[in-house]
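Student: Below you will find the structure I want to go over with you.
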Amino acid sequence: MIESCGVPHPEVDLILVNGQPADFRHAIAGDADIELYPAGTRVPEFKEKRLQPTTTSRFVADGHLGTLARNLRLLGFDVAYDPQAEDRQLLDIMKRENRALLTRDRRLLMHAVVETGYCPRSQNADEQTVEVIRRFDLLRSLAPFTRCLRCNAPLRKVSKAEVIERLEPLTKIYYEQFRRCTGCGQIYWAGSHFSKLQKRLEQIRANCA
Ligand SMILES: [Zn+2]
């Protein structure tokens, strides 16, 4: 009934029927006052009757959310992302790897197999990032620059000697600290792009508070 009004079930954190908490299996008999609350609303009552988990920090993002996926990886979060993935594949990986689904496709979010998910409201990727951090209460779990932006694997600190043969001449001269992706081998360092990224992350962090 809720979804027939256009609200996907993963967006509903608390249902009150005539003032009493209910879950998704509740059958409406006759006239009833129904109140719905999204995750993150500050309704102090019925804490134990919430329908959405708050401990998710692993995600799968649909093909339209590439910049959001990249931002979340930049902040250290595990985000499966494949721009070619079809709906069925997104649901498969969500289920198999116990990830929350990020999509602006409300129909997809309404799919019965979806347990946890979120529909970013903004079209702007930085604002979407703030929304996701708030929705899943992630502000204290940020670990910037610890995950590969290309393949999502964790980065590991490496000595300069380990990677020196793969560095460009100027990088060899100017930089001392390096991280290498444990998945694809990409090498990261705090190059010219770094301060710009850091400023963006600071902005996102400030907007989350
Ligand atoms: Zn990688």
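The values are calculated or read from the model by the stated rules, or taken from the named source; none is laboratory data. Remember, predicted model here, so these are calculated numbers, not experimental data. Counting neighbours? That spans all protein chains shown, and the Cβs are built from the backbone with ideal geometry, glycine included. The protein model used for the area step is the full one, side chains on, heavy atoms only, and it has no ligands, DNA or RNA in it. Shrake-Rupley method; radii C 1.70, N 1.55, O 1.52, S 1.80 Å.
Student: For R50, list long-range residues whose amide hydrogen, built 1.01 Å from N in the peptide plane, is under 5 Å from its own amide hydrogen.
Tutor: For R50, whose amide H was placed from the backbone, there are no distant partners under 5 Å.
Student: Let me ask something else about it. Picking from Q123, A112, S159, whose Cα lies most toward the positive end of the charge dipole for segment 53-171 (charges on Cβ: Lys, Arg +1; Asp, Glu -1)?
Tutor: Result: S159.
Student: Still on this structure, I have one more. Quick check for me: using +1 on Lys/Arg Cβ and -1 on Asp/Glu Cβ, what's the dipole size of segment 25-176 about its Cα centre, in debye to the nearest 20?
Tutor: That gives a dipole near 420 debye.
Student: For segment 109-126, take each phi angle, set θ = phi - 60°, evaluate the Karplus expression 6.51 cos²θ - 1.76 cosθ + 1.60, and give the result in whole Hz per residue in order, putting x for glycine and proline.
Tutor: 3J(HN,Hα) across segment 109-126, in whole Hz: 5, 7, 4, 4, 6, 6, 9, 10, x, 8, 10, x, 7, 6, 8, 8, 5, 5.
Student: Which Cys residues of the chain have no other Cys beta carbon under 4.7 Å away?
Tutor: C5, C119, C208 - these cysteines have no disulfide-compatible partner (Cβ-Cβ under 4.7 Å) in the chain.
Student: Dipole of segment 1-114 (Lys/Arg Cβ +1, Asp/Glu Cβ -1, origin at the Cα centre): which of L14, A27, A39 lies farthest to the positive side?
Tutor: A39
Student: While we're on this one: Sorted by accessible area (1.4 Å probe), largest first, how do E162, E97, E115 line up?
Tutor: Output order, biggest surface exposure first: E115, E162, E97.
Student: Taking just the C-alpha trace of segment 10-120, give me its Rg and Dmax in Å.
Tutor: Here Rg and the maximum Cα pair distance are 15.8, 50 Å.
Student: Further question: Semi-axes of the chain's equivalent ellipsoid from the Cα gyration tensor, sqrt of 5 times each eigenvalue, largest first, rounded to whole Å?
Tutor: Calculated on Cα positions only, the semi-axes equal 40, 17, 13 Å.
Student: I'd like the orientation of helix 194-208 relative to the chain: the angle between its Cα long axis and the longest Cα principal axis, in ° from 0 to 90, rounded to 10.
Tutor: Once rounded, the angle reads 20 degrees.
Student: Taking the full set of protein chains and a 1.4 angstrom probe, give the accessible area of M1 in square angstrom, rounded to the nearest 10.
Tutor: Per-residue accessible area (M1): approximately 150 Å².
Student: Which of H193, H111, H64 moves the most in a Gaussian network model of the chain with Cα springs under 10 Å?
Tutor: H193
Student: Compare L170, L109 by solvent-accessible area with a 1.4 Å probe and give them largest first, with all protein chains kept in place.
Tutor: L170, L109
Student: Here's a follow-up. Could you tell me which chymotrypsin sites (Phe, Trp or Tyr not before Pro) in segment 1-92 are loop residues by DSSP with no more than 16 other beta carbons within 10 angstrom of their beta carbon?
Tutor: F24, F46
Student: Separate question: Would you mind checking the pairs K157/K199; K47/K199; K157/K196 and listing those with alpha carbons more than 25 angstrom apart?
Tutor: Where the Cα-Cα span goes over 25 Å, the pairs concerned are K47/K199.
Student: Would you mind getting the accessible area per residue of the chain, heavy atoms of the protein chains only, 1.4 Å probe, in Å²?
Tutor: About 60 Å² of surface per residue is accessible.
Student: Ok, one more. So if a site counts as exposed when it's one of the trypsin sites (Lys or Arg not before Pro), its DSSP state isn't H, G, I, E or B, and it has at most 10 other Cβ atoms within 10 Å, what's the longest stretch of the chain without one?
Tutor: Result for the longest clean stretch: 122-209.
Student: On to the next question. Using only alpha carbon positions, build the gyration tensor of segment 100-183, then give the equivalent ellipsoid semi-axes as the square roots of 5 times its eigenvalues, largest first, whole angstrom.
Tutor: After diagonalising the Cα gyration tensor, the semi-axes are 37, 14, 12 Å.
Student: On to the next question. Mind giving me the nanometre distance, one decimal, between the label points for Q84 and N98, set 7 Å out from Cα along Cα→Cβ?
Tutor: So the label points at Q84 and N98 sit 3.0 nm apart.
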